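A short write-up of the structure that comes next.
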Amino acid sequence: MIQKQNSPIQRGWLRRNALPLLLFAFLVLFPFIVGAITDSSPYGVVRGDRMIMRGESVRWQSVLIEAYILIILAMSYNLLFGFTGVISFGHALFFGTSGYVLGLMLEYTAIDTTLALFVGAALGIVLCGVLALVIGFVTLRLKGVYFAIFTLAVAEMFYIFFSRWQLTRAEDGFAITELPAWLDPSQSRINFYYLSLAAVILTFVFIRRLVNSPSGAVFKAIRENEDRAQSMGYNTLNYKLLSIMFAGMLAGVAGLLQVILNKKVGPELLGVSYTVDPLLMTIIGGIGTFTGPVIGAGGLHFLDVFLRDAQINLGGVVIDIANIWALLLGVIFILAVIVFPFGIVGTWQRWQARRHRHPEKPLPDAAAGQD
Amino acid sequence: MRSQRTSLIAIFVILIFLLGVALINSNSLGDFGITLLSGLFQGMLLFLVAAGMSIVFGLMDVLNMAQGSYFMVGAYVAFDVQHTGGLIDLTNIIPDPNFRFVVAVLAAVLVGAAFGYVLERFLLRSLYSRPIFQLVLTFGVSLVALELVKFIWTTTPYSWTELFGVRESFFELFGQRFSTYRLFVVGMGIALIVAIGLLLQRSRIGIIIRAGVEDREMVQALGIHVRSVFTLVFTLGCAIAAFGGAVAAPFLGASTTLGSGFLLQAIAVVVLGGMGSYAGTAVGSVLVGLAIAVAQDTAIGTSFAALPSITPMLLLVLVLLVRPSGLFGNSR
């Protein structure tokens, strides 16, 4: 590459990846670290012959699992929006669909629980992929705005359908009662913690491999200028379909994890917040970057957790942050779109690039317009 | 010309189908009339939301995802002005409910226009070099509008309680009581369709708008400041949507679900009629309105209660599958 050979960054794989490796080690040891600090067991409390999920370590594990789920969702959104330039207003569609498939499989079929879990998970992910392909096939030959509209409409249709469907107990949703003990977050949360962590890392590695592959190069070409990519002989429709299919399936994975964590399936899984959150997290973190959605999703989730109980005192009027959280997010959203379009990571990268002045390396232009 | 003929045939077939289903569902001519009137009422409300959306899309290539929110805000403002309590209490200043309703509608239109102006002038204008972000921005604005409404008026839906003249009067036809107010809204909607059509066809600003839909750069090259035309059209579109919310409020009340519901229905209308086509929007809103009314009739007494809310989305999906450029759209 163009970097100088004696650059300290080039010395050895271990050294180059020191930061991610340290972070990985910290996250693996996290339940035990919190357990040691707060003097609580990472496995929960023994009560009779079963474990009760109580204590700081277990509580923080679920906070992190929630963050992991949002990170996967944001990364899948970024694959579509950030790397391929296709915008979806119905990402919750995939999130909720796989959740419902898994829930229906576990609760409404008579097959063995472990088998139902695997079949449900596989079926959910496959269905998300198929759904994404169908929607993509119908709309992607048209202007970009049609895909956005269509995903919004289908997501809303599913939302209305599932909030009225009596079999899945309409708006209340239904609880998941049958889960294998080794996965059940209310019996052995630490196992589920490591599963979610593995899912995040696999998703990250997968998206990196995909985007850095020749197909990924075409994705980025489509984002920058689809007409040009087409005139170079690429069938851009196929590549966009590929990107949408993977994004849908990864969002489906996030939905599966969410259902297992909350042990509940309801129409809120298909609600607009699971579309808005990844969109916002991707923009804040930095669209078209690998670490952007991770930082955006993790950061916003922790802000949410810490600020949930906080209050602001405005001239004697006390306002709970929890009540205006969505409003705050919306305002941040608008401001980010207008004045901070590259997000945290994108701005950092541009700043770095400008400082080092690599004339061969153009500025990452993720926010370039695309028709 | 050929494609225009197939469009006309398609409109005809859909109309016959909808009217046929309505006839089968109804027991008497009065029932049929009620379905028809409620369909036209829905259609006119949809037109008020979709008109601005369609013209703005044609002219500026921006799909305003916040258009439904203007409808919702219009409904809330009109409700607030008309009733006691709330932010603005005019019951003592203007005791006559009829006159107060006129003031309420005017207030809603003004608020809609003001917010529309702010959105275009201060937010959208900075993003014309990044079209995909304009879409994202209007989506964000719709969320902020929803949260602001929740913050100001809470999430509890309001139903209209204040009575006033035309809202409460009925007329009888074929042994059925029809609400005069619905007829009044339908009449006003038709008047607006004609008025905006005339504005587009006959006035100087209409010529500029139509030319801008065809070729933006050319209009600019002729020395016309297209950006200020954008602002004007966008503001007008938002004001019309707020007007729709205000006149719908006596029937639908004010609730937080109005925004997203009418947004999706309006999108269905705009896609059905053909993006950017004014005639298409007018025809599309009548068709979608009728379809919703017929679906409401069909769903009564069956277990499929979700049908009326799904109908516009089903229509949208169908149109996109069969003829993505819409009835009057030119395929791009």
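The table below gives the values:
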| item | result |
| --- | --- |
| Flag for residue B:262 being crowded, with 23+ Cβ neighbours inside 10 Å and of a type in the set (Phe, Trp, Tyr) | yes |
| Unique match (being surrounded by fewer than 23 Cβ atoms within 10 Å (Cβ to Cβ), in a helix (DSSP H, G or I) and not hydroxyl-bearing (Ser, Thr, Tyr)) among B:102, B:73 | B:102 |
| Matching residues, the stretch B:126-174, being within 7 Å of another protein chain (Cβ to nearest Cβ), surrounded by 13 or more Cβ atoms within 10 Å (Cβ to Cβ) and at pLDDT below 80 | B:130, B:131 |
| Any hit, the stretch B:306-316, residues being over 20 Å from residue B:35 (Cβ atoms) and at pLDDT below 85 | yes |
| Every pair of residues 6+ apart whose Cβ atoms lie under 7 Å, when the first sits in the stretch A:148-160 and is more than 7 Å from chain B (Cβ to nearest Cβ) and among the polar types (S, T, N, Q) while the second is in a helix (DSSP H, G or I) and surrounded by 22 or more Cβ atoms within 10 Å (Cβ to Cβ) | A:151/A:93; A:151/A:135 |
| Residue identified as crowded, with 20+ Cβ neighbours inside 10 Å, touching a residue at least 40 places away in the same chain (Cβ under 8 Å) and not in a helix (DSSP H, G or I) among B:280, B:237, B:245, B:329 | B:329 |
| The stretch A:141-191: number of residues that are more than 25 Å from the chain's Cα centre (by Cα) and part of a helix (DSSP H, G or I) | 2 |
| Test: residue B:41 is at pLDDT 80 or above, assigned to a helix (DSSP H, G or I) and in the same structural domain as residue B:279 (by TED's automatic domain parsing) | no |
| Residue list for the stretch B:85-99, restricted to those being in contact (Cβ under 8 Å) with a residue 60 or more places away in the chain and exposed (fewer than 11 other Cβ atoms within 10 Å of the Cβ) | B:87 |
| So residue A:337, is it out of contact with any Asp or Glu (no Cβ under 8 Å at 6 or more places or on another chain), within 13 Å of chain B (Cβ to nearest Cβ), closer than 27 Å to residue A:66 by Cβ and assigned to a helix (DSSP H, G or I) | yes |
| Checklist (1) in a helix (DSSP H, G or I); (2) surrounded by fewer than 21 Cβ atoms within 10 Å (Cβ to Cβ) applied to residue B:55, failing item | (2) |
| Residue list for the stretch B:308-326, restricted to those being farther than 16 Å from residue B:265 by Cα and more than 9 Å from chain A (Cβ to nearest Cβ) | B:322, B:323 |
| Residue B:126 of a type in the set (Ser, Thr, Tyr) and closer than 18 Å to residue B:265 by Cβ | no |
| From the options B:299, B:282, residue that is within 28 Å of residue A:158 (Cβ to Cβ) and of a type outside the set (Ser, Thr, Tyr) | B:299 |
| Every residue from the stretch B:297-307 that is more than 10 Å from chain A (Cβ to nearest Cβ) and either closer than 17 Å to residue B:260 by Cβ or surrounded by fewer than 19 Cβ atoms within 10 Å (Cβ to Cβ) (or both) | B:298, B:299, B:300, B:301, B:302 |
| Among the residues listed as A:93, A:117, the single one being closer than 16 Å to residue A:251 by Cα and modelled with pLDDT of 90 or more | A:93 |
| Tally, over the stretch A:277-316, of residues that are within 14 Å of another protein chain (Cβ to nearest Cβ) and surrounded by fewer than 21 Cβ atoms within 10 Å (Cβ to Cβ) | 2 |
| From the options A:71, A:65, residue that is under 21 Å from residue A:268 (Cα atoms), of a type in the set (A, V, I, L, M) and in contact with a His (Cβ under 9 Å, 6 or more places away or on another chain) | A:71 |
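Conditions (1) free of Cβ contacts under 8 Å to residues at least 24 places away in the same chain; (2) of a type in the set (Lys, Arg); (3) surrounded by 23 or more Cβ atoms within 10 Å (Cβ to Cβ), marked per residue:
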| residue | (1), (2), (3) |
| --- | --- |
| A:116 | no, no, no |
| A:122 | yes, no, no |
| A:130 | yes, no, no |
| A:141 | no, yes, no |
| A:144 | no, no, no |
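The values are calculated or read from the model by the stated rules, or taken from the named source; none is laboratory data. For clarity, every value in this text was computed on a predicted model and none was experimentally measured. We place every Cβ from the backbone using ideal geometry, glycine too, and count neighbours over all the protein chains shown.
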